[in-house]
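Asker: Here it is: the structure, laid out below.
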């Protein structure tokens, strides 16, 4: 399985992250069926131009200019490492299982140059003053992914006018530049599309089972991958199954780094949302359905997620030894196997929570197994889970909060409700909430 990773010229936003949660769900569902999954995520650290159609400046160079750094390979590597580390941190925070391989494009130059050579030798390319281009006329099936209508692709529409290109949809497999690597075609760097194919070949083989990415990659990037891979190897298909997620919008506007509305994961954390709340919110919509992000919707997800966690880590704390409900598990895995129907899978999990005919032990066992696929943190160690919930043991509270809590409990025993309510308000003013449970008062840091 290959997932198109980020171009590490900037921090990823929450819209970018949807693609990797989707890929993680695919992997988890396959693992639940007993498959071993080899998974590669690339890190594009050069070669992705500011326009997908081979126009504009390399995005990594733009990042260097933005940071006021020198335009050198060393500085580019430093920038790439910064944003790569941030991306990996976000992946971990979202509960995504790490891929078998993180593949930085700059580490596979030899493989990328070799693939370009193969295409040149087989007659699929032509050279211009600015690079080496794949001639799509030599690959009649170009555009088959997504049924792209090439007749509507006009020069200058998505591709900057280039009089040397034979067809507006021809794409660069090597770009000549003063910065980069030496090659038979001069100094430069491999094209964005060639990088992914070469890295997929190197880490997974000439044909792969599943390839994931956002829907924006279908017209140019993924059709380019297919064309060069199948032309080089003569093996069809290059990929058995393509899976593409839809976009997330914010207040009905497309998320974009250029417009500055790209909310980052750490910003959600600053506003009190655990990263797994965002993951839970994503599960509420099918990956091929556009989602509109609002904080109201995220609040609803937060409430539901906290309810699940409180069941597992407070009401059912320490429960062990149950048996997974075969009926519910079969219903759940059937939903996940039906093109990742996560809304239906979540509904099945909640049905388990509310089923009064199931013992608590069996509920816990069943939910934990489902969480092995959903990854929303219902199988964490108890101390980790309670910390996430913000629950604080009474003896760990500040002295003034402890005294107010004791006063409230005394008032409740005396049925002095007004006095108990005043103590609760005072606790709230100090930044804590108190909630009554069968096990006693539960105090949470706001």
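Only the coordinates and a few stated rules stand behind these numbers; no lab work does. Everything numeric in this text was worked out from a predicted model, so none of it was measured. All Cβ positions, even for glycine, are placed from backbone atoms using ideal geometry, and neighbour counts span all protein chains on display.
Asker: If you take the Cα atoms of the chain, find Rg, then find the Kirkwood Rh from the mean of 1/r over all pairs, what is Rg/Rh? Intermediate values should be presented prior to the final figure.
Answerer: Working: Rg = 26.3 Å, Rh = 24.6 Å.
For the chain, the value is 1.07.
Asker: For the pair residue 413 and residue 368, what calculated FRET efficiency results from E = 1/(1 + (r/R0)^6), where r is the Cβ-Cβ distance and R0 = 45 Å, to the nearest 0.05? Walk me through the numbers before you get to the answer.
Answerer: Numbers: r = 38 Å, r/R0 = 0.83.
Between residue 368 and residue 413 the formula returns 0.75.
Asker: Follow-up. What order do you get for 66, 279 when you list them from fewest to most C-beta neighbours inside 10 Å?
Answerer: In increasing order of surrounding Cβ atoms, one gets 66, 279.
Asker: Share of Cα-Cα pairs in region 78-147 beyond 20 Å, in percent? Mind dumping the intermediate values first?
Answerer: Numbers: 1389 of 2415 pairs.
Counting every Cα pair in region 78-147, those more than 20 Å apart make up 58 percent.
Asker: Then there's this: Using a/c under 1.5 as the rounded threshold, could you call region 293-368 rounded, prolate or oblate? The axes a ≥ b ≥ c are square roots of the C-alpha gyration tensor eigenvalues, and prolate needs a/b larger than b/c, oblate otherwise. Don't skip to the end; give the middle numbers.
Answerer: Numbers: a/c = 2.62, a/b = 1.18, b/c = 2.22.
In terms of gyration-tensor shape, oblate.
Asker: Continuing with the same structure: Rank these for me by crowding, 244, 33, 286, going from fewest to most other beta carbons within 10 Å. Don't skip to the answer; put the middle values down first.
Answerer: On the way: 244 20, 33 10, 286 17.
Fewest to most other Cβ atoms nearby, the residues stand as 33, 286, 244.
Asker: Over 13 Å apart: what share of the alpha carbon pairs of region 197-237 falls there, rounded to a whole percent?
Answerer: Working: 437 of 820 pairs.
Cα-Cα pairs of region 197-237 separated by over 13 Å account for 53 percent.
Asker: Ok, one more. Counting other C-beta atoms within 10 Å, which of 215, 427 has the fewest, and how do the rest follow? List each step's numbers first, then the result.
Answerer: On the way: 215 15, 427 21.
In order of increasing Cβ crowding within 10 Å: 215, 427.
Asker: log10 I(q)/I(0), Debye, Cα-only region 390-445, no solvent, q = 0.28 Å⁻¹?
Answerer: Normalising to I(0) and taking log10 leaves -1.25.
Asker: Ignoring everything except DSSP H segments at least 4 long, calculate the 222 nm mean residue ellipticity for the chain; use -39,500 (n - 2.57) per segment, divide by total residues, nearest 500. If you can, show how the numbers build up before the last one.
Answerer: On the way: 15 runs with 193 residues, N = 446.
The helix-only estimate for the chain comes to -13500 deg cm²/dmol at 222 nm.
Asker: First check a/c for region 2-249, with a ≥ b ≥ c the square roots of the eigenvalues of its C-alpha gyration tensor; if it is under 1.5, answer rounded, and if not, answer prolate when a/b is larger than b/c or oblate otherwise. If you can, show how the numbers build up before the last one.
Answerer: Working: a/c = 1.55, a/b = 1.17, b/c = 1.33.
Oblate is the answer for region 2-249, as a/c is 1.5 or above yet b/c matches or exceeds a/b.
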